Amino acid sequence: PPELPKNQRVVIKDLAYHLQPLPPRVWRVNGLLAAGTVAIFSAWTGSGKTWLAYLMAVCIALGKDWLGFKTVQGNCLIVNEEMDEYDVSERLTKILKAYQGDETTPIKTISFARFNLFAEKNRASDAALLEKAIIDTGATFVIIDALADIMQGGDENAVKDTQPVFMKLKEIATRNQCVIVVIHHTGKNGATRGSSAIPGAVDLSIIAKRVGDSDRVDFDTEKERIVPRQKWAA
C-alpha cells in the first residue's frame, strides 16, 4: 500500500479500550458544558443573549455561579466579530462591577479578526489562527459572536456550508479541551435559525426566549449530546 500520512486518521480500537474505567468528565459549567464541546446559544434579536454569554464568561473567569449553574474557574476568550468595541467594553465593565471583578479577571478579547471558517482558501489558516489565540490565552471557555460572521460567503441554511464550520470548531475544542460557544439567532419559529445541521453538529444547543419587555428569560436545550434536556429561567 502507499505510505500512510503521519497523522493517521483511521485508528482501530477494541473493546478492551472502551471498557477501561472512565475518568470523571471535566466540566466548565457543571452539568451543562463539558471540556471539548461546542455549543450554540441562540435567541431572538434583543433578547439579551450577548449579555448572558458575557455573563457566563465573567462567572467562569471568577469561578462564580452562572444562573444557578456551578462553574469551574478558567481563562476566557471572547471573539467579537459583530459589536463595536465601545459596546464590548461597556458590557464587560457593567458585568464585572456587578460580580466584583476587575482588570485582573482572566478574560481576553479579540475584535474584528474576520476569521472565516467557511471559505475553503481561508479555512485552514483562520482555524489555525483561532486555535493559536486559544492556546496563547490558555482559554478554557471561548465565545464567538456570531455564527454569520465566521462563515462569510456561506449560507447558514445549507448543510454543505455550515458543516465544515462546526467540524473545524469541534476539532479545536477537542484538541484544547475547551468549550466553544457560538452566538446565533433564532428564526420566527423560535428554533435555531438556518440549517437543521447546525443543532445536529453541536454538542449542545441552547435557546433563550424573552417575553416582551419583561426581565425574565426562559432557557431550553434544543439538542443535547451528553446532558439531559434542561429548562431554566432567570
Cα-based helix-to-principal-axis angle, 120-137 vs the chain, degrees rounded to 10
70
Over the chain, give the accessible area per residue in Å² for a 1.4 Å probe, as an integer.
54
Where a ≥ b ≥ c are root eigenvalues of the Cα gyration tensor, a/c under 1.5 meaning rounded, otherwise prolate if a/b exceeds b/c and oblate otherwise, the stretch 123-199 counts as prolate
Cross-link partners among aspartates and glutamates for Lys49, C-alpha distance below 12 Å, same-chain residues fewer than 8 apart left out?
Asp145, Asp218
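Find the Cα radius of gyration of the stretch 15-101, compare it with 2.2 N^0.38 Å by division, and give the number to two decimals. Kindly include the intermediate steps, with their values, before the conclusion.
On the way: Rg = 16.0 Å, N = 87, 2.2 N^0.38 = 12.0 Å.
Here the answer is 1.33, to two decimals.
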Given that compact globular proteins tend to follow 2.2 N^0.38 Å, what is the ratio of the alpha-carbon Rg of the stretch 87-215 to that value?
1.14
At 0.36 nm per residue, and after removing the present C-alpha to C-alpha distance, how many nm does the segment from Ser89 to Lys188 gain when stretched out fully?
32.6 nm
What whole-number value in cubic angstrom gives the convex hull volume per residue for the C-alpha atoms of the chain?
152
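Determine the gain in length on full extension of the stretch Lys121-Glu103; use 0.36 nm per residue of separation and subtract their C-alpha separation, reporting nm with one decimal. Spell out each step's value before the answer.
Details: separation 18, 0.36 × 18 = 6.48 nm, distance 3.76 nm.
Here the segment from Lys121 to Glu103 would lengthen by 2.7 nm.
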Using helices alone, I'd like the mean residue ellipticity at 222 nm for the chain: each DSSP H run of four-plus residues gives -39500 (n - 2.57), total over residue count, nearest 500.
-9500 deg cm²/dmol
On the accessible surface of the chain, probed at 1.4 Å with all protein chains in place, carbon and sulfur together account for a percent value of 54
Restricting the stretch 23-104 to GluC sites (Glu not before Pro) in coil, as DSSP defines it, with at most 11 other Cβ within 10 Å
Glu103
Part-to-part distance (alpha-carbon centres) for the stretch 204-225 and the stretch 62-112, which is given in Å:
20
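Kindly identify the stretch 98-152 as rounded, prolate or oblate by the Cα gyration tensor criterion: order the square roots of the eigenvalues as a ≥ b ≥ c, call it rounded if a/c is under 1.5, otherwise compare a/b with b/c, prolate if a/b is larger, else oblate. Present the calculation step by step, with values, prior to reporting the outcome.
Details: a/c = 3.37, a/b = 1.98, b/c = 1.70.
Verdict is prolate for the stretch 98-152.
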In nm, the gap between the two label points placed 7 Å beyond Cα toward Cβ at Asn157 and Gln8 is 4.5
As an exercise, identify the trypsin sites (Lys or Arg not before Pro) in the stretch 82-156 lying in DSSP coil whose Cβ has no more than 12 other Cβ atoms within 10 Å.
Arg114
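Under 15 Å from the Cβ of Thr71, count the other residues' Cβ atoms, weight Lys and Arg +1, Asp and Glu -1, and hand me the total.
Details: positive: Arg25, Arg28, Lys64, Lys70; negative: Asp65.
For residues surrounding Thr71, the net value is +3.
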Can you give the Rg to Rh ratio of the stretch 5-62, both from alpha-carbon atoms, with Rh computed by the Kirkwood formula?
1.18
If you fit an axis through the alpha-carbon atoms of helix 49-62 and take the longest principal axis of the Cα set of the chain, what angle between them do you get, 0 to 90°, nearest 10?
80
Under a cut-off of 25 Å between alpha-carbon atoms, report the lysines in cross-link reach of Lys121, not counting same-chain residues fewer than 8 places apart.
Lys6, Lys132, Lys160, Lys168, Lys170
How big is the charge dipole of the chain about its Cα centre, in debye rounded to the nearest 20, if each Lys and Arg gets +1 on its Cβ and each Asp and Glu gets -1 on its Cβ?
680
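The values are calculated or read from the model by the stated rules, or taken from the named source; none is laboratory data. Given the structure is predicted, the values throughout are model-derived calculations rather than measurements. Positions of Cβ are backbone-derived with ideal geometry, glycine not excepted, and every protein chain shown enters the neighbour counts. Keep in mind that these areas ignore ligands, DNA and RNA; they rest on the heavy atoms of the full protein, side chains included. Shrake-Rupley method; radii C 1.70, N 1.55, O 1.52, S 1.80 Å.
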